[in-house]
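Novice: Take this structure, written in structure tokens, and hold onto it; I'll ask about it next.
Readers should treat all values here as calculations from the given coordinates under stated rules, not as data from a laboratory. Just so you know, these numbers come straight off a predicted model, no measurement behind them. Cβ sites come from the backbone with ideal geometry, for glycine too, and all protein chains shown count toward neighbours.
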Amino acid sequence: MCDNLSPEVANNWYYELEDAIASLKKFPSRCMIAPEAKVIGGEVRQLWIGKQRKYRVLFVVEEDVIAIIHVRNSRQSYLSEES
């Protein structure tokens, strides 16, 4: 079995994701507008995570609430109307 699929790797990835999302509380507008903003509408932003920027967290800010729309692998195509 591949070492990359170990529970330890999965836990590390999860905690890295959790920390990255928690960091949005401080300054969410530091993140770029996502290409999906044109399709979804509104100010959809993206937060890159991972050592090699392998994942994007798509989110919107509505007053004091940060709503996570999607977590996508960087190899996945952008969200579209068909997605």
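Novice: Through the Karplus equation 6.51 cos²θ - 1.76 cosθ + 1.60, θ set to phi - 60°, convert the phi angles of the range 33-45 into ³J(HN,Hα) values in whole Hz; use x for Gly and Pro.
Specialist: For the range 33-45, the Karplus-derived couplings read 5, 7, x, 5, 4, 5, 7, 6, x, x, 9, 7, 10 Hz, x marking Gly and Pro.
Novice: A further question follows. Taking the range 23-77, which GluC sites (Glu not before Pro) meet the DSSP loop condition and have no more than 12 other C-beta atoms within 10 Å?
Specialist: Details: sites: Glu36, Glu43, Glu62, Glu63; in loops: Glu36, Glu43, Glu63.
Hits after loop and neighbour filter: Glu63.
Novice: Using Cα atoms only, what is the angle between the long axis of helix 7-23 and the major principal axis of the chain, expressed in degrees (0 to 90) to the nearest 10?
Specialist: 30 degrees
Novice: Something else about it: Is there a quick way to get the dipole size of the chain? I mean about its Cα centre, with the Cβ of Lys and Arg at +1 and of Asp and Glu at -1; what is the value in debye to the nearest 20?
Specialist: For the chain, the charge dipole is close to 380 debye.
Novice: Give the calculated FRET efficiency between Arg75 and Phe27 to the nearest 0.05, with a Förster radius of 35 Å applied to their Cβ-Cβ distance.
Specialist: It comes out at approximately 0.80.
Novice: Moving on to the next point. Within straight cross-link reach of Lys25, meaning Cα distance under 22 Å, which lysines are found once same-chain residues fewer than 8 apart are removed?
Specialist: Filter leaves Lys51, Lys54.
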